[in-house]
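The block underneath contains the structure these notes are about, expressed in structure tokens.
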Amino acid sequence: MSNGDDEADASDDAEATDEIDVTAEELESRLTEAGDALEAAETEADLDDVESSLDDIESDLEAADLPEPDEDDDDAEDPCEELESQLSDLRDDLDEQRGPYAEDVVTIVSNAADTVTDSEWTDDGEGEAQEAVETFLDESAEFIDHDADTGGDFVAAGDALTTVVDAIEAANLDPDEDTETIEGLLEAAETLETGLDEAEVWDDLTVQEQLDARGFYDILTNENRKDFPPEWNAAKLHAEEGDFDQVLFAYDKLGSEFFDGYIVDLLYNLGSDAEPAFDAMHQRAQKREKGPIEVLGKIGDERATETLHDYIDGDGDPALQKVTLRALGAIGSAESVQPVANRLDADSEEVRSVAARALGLLGDTRAIEPLSDVLKSGESDSVRASAAWALRQIGTETALDEAARYTDDRAYIVQAEAEKAASA
């Protein structure tokens, strides 16, 4: 016999070895015995034995060579499928009969502690959540010793629940010996979970309901109510009173393009009085939103400069660069002089022109030399005119002398700036 035949026989022998000689009737009988054992089980150890039996039956079922149903008979029974269904049902019954476990309580209460701490509750919702926690603390104390207490302060509610978790874990409750205790704790924990689910958080409300709950519309009266949308009306009135928390809450919640633009314009026109809105505008500016960048310029807080310097580095997005350069000029930080001066070499003529004017607003004498170079050798007359304007804004004798040199310049717009410098 050839080697190929030997290998084929060996393969057949291996396949035969993998199969076991067991009938569907024998497997069904073993499943019945396992079901009886499950029904009689009283401890976790008994359930472990039943699970082991089911594992053995499943293994033998997979290895059994059971007859296939007749493909031509739609009503033919499939013994393998029926046995698998019985096995699955027994596993479900086994899972239902296990426990309860202390670990289940710990999981629910730990999640509840996170919910209490991390959720954004409304005023009503906080009261409802506080009540749910207090009820749980009282009910759980009937089953396990703990000293958890909120002291009537909702801020302490999360820590109080964690204290109960620690007490449960330390008790080492046994699912056989401490069944009643675990069941009582589990019922209390599930009641807590339901109570927190039903307590009101801001996300449960529509945007208008959230604004109303915050008292955003309370400022409106018959006398001050205007025709335009009430949100715009209320935001303007809150801003005039310096209540920027209400303005920014609406800004964050409404999020429409029109309302965002309205708030940005509102804050821009307030200038430095909009300083309480700095953090919100700075956060939006980090998304490279042009409106908030303009507002930062009007607020004039130097904390924004480091962020804004990044937006004028390189030659990307000329529109963003122009807005940012104007903002940096308005803020007036000495730290901005070199980054802005670097843009006098930008590819965009408009960016170079705005950079020159920003240097004038910054008013730093270090800018005199680069601005003079632009006036002397710049190709664009509009950029050169901006450089002359900037030198006038710096206003020192040296700066004015540099600009006044060009009273006979080829470009009228440069001459006009030079003449103003000469007469200053």
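The values are calculated or read from the model by the stated rules, or taken from the named source; none is laboratory data. Since we're looking at a predicted model, the values are computed, not measured. As a convention, Cβ positions derive from the backbone with ideal geometry for all residues, glycine included, and neighbour counts pool all protein chains shown. Just the protein is used for accessible areas: all its heavy atoms, side chains included, with ligands, DNA and RNA removed. Shrake-Rupley method; radii C 1.70, N 1.55, O 1.52, S 1.80 Å.
Observations on the structure shown:
- Under 14 Å from the ASP273 label point (7 Å along Cα→beta-carbon), backbone N, the range 286-313: 299
- The range 363-423: C-alpha gyration tensor shape, a/c 1.5 cut-off, then a/b vs b/c: oblate
- Pairwise FRET efficiency - GLU257 versus ALA319, Cβ, R0 = 22 Å, nearest 0.05: 0.80
- Shown here for the range 188-225: GluC sites (Glu not before Pro) in loop regions (DSSP other than H, G, I, E, B) with at most 15 other Cβ atoms within 10 Å, namely GLU223.
- Among the trypsin sites (Lys or Arg not before Pro) found in the range 260-320, those both in a DSSP coil and sparsely packed, with 12 or fewer other Cβ atoms within 10 Å of their Cβ, are LYS287.
- Dipole of the chain computed with +1 at Lys/Arg Cβ and -1 at Asp/Glu Cβ about the Cα centre; of ILE394, SER348, HIS309, farthest Cα towards the positive end is ILE394.
- In the chain, the DSSP-assigned H stretches of four residues or longer account for a calculated mean residue ellipticity at 222 nm of -21500 deg cm²/dmol, using -39500 (n - 2.57) per stretch and the full residue count as denominator.
- Sorting the segments 155-165, 82-92 by their mean number of nearby beta carbons within 10 angstrom, highest to lowest, gives 155-165, 82-92.
- Using C-alpha pairs under 8 Å with a sequence gap of at least 6, the mean separation divided by the residue count of the chain gives a relative contact order of 8 percent.
- Pairs of Lys residues in the chain are counted when their Cα atoms are under 24 angstrom apart and they lie 8 or more places apart or on different chains; the count is 15.
- For VAL201, nonlocal amide neighbours, meaning residues 5 or more places apart or on other chains whose placed amide H falls under 5 Å from its own, are THR122.
- Per residue, in Å², the accessible surface of the chain once ligands and nucleic acids are set aside, probe 1.4 Å: 56
- Cβ-Cβ FRET estimate between ASP347 and ASN224, R0 fixed at 51 Å, reported to 0.05: 0.55
- Tensor-based shape of the range 81-209 (alpha-carbon gyration tensor, a/c under 1.5 rounded, otherwise prolate or oblate): oblate
- Identified option (computed P(r) over Cα pairs in 10 Å bins from 0, in percent; candidates (1) 4, 22, 32, 27, 13, 2, 0; (2) 4, 14, 12, 12, 12, 11, 10, 11, 7, 5, 2, 0; (3) 4, 21, 30, 23, 13, 6, 1, 0): (2)
- Taking a point 7 Å from the Cα of GLN97 along the Cα-to-Cβ direction, the residues of the range 39-80 with backbone N closer than 18 Å to it are 39-58.
- Surface composition of the range 288-343: carbon plus sulfur atoms hold 39% of the accessible area, using a 1.4 angstrom probe and ignoring ligands, DNA and RNA.
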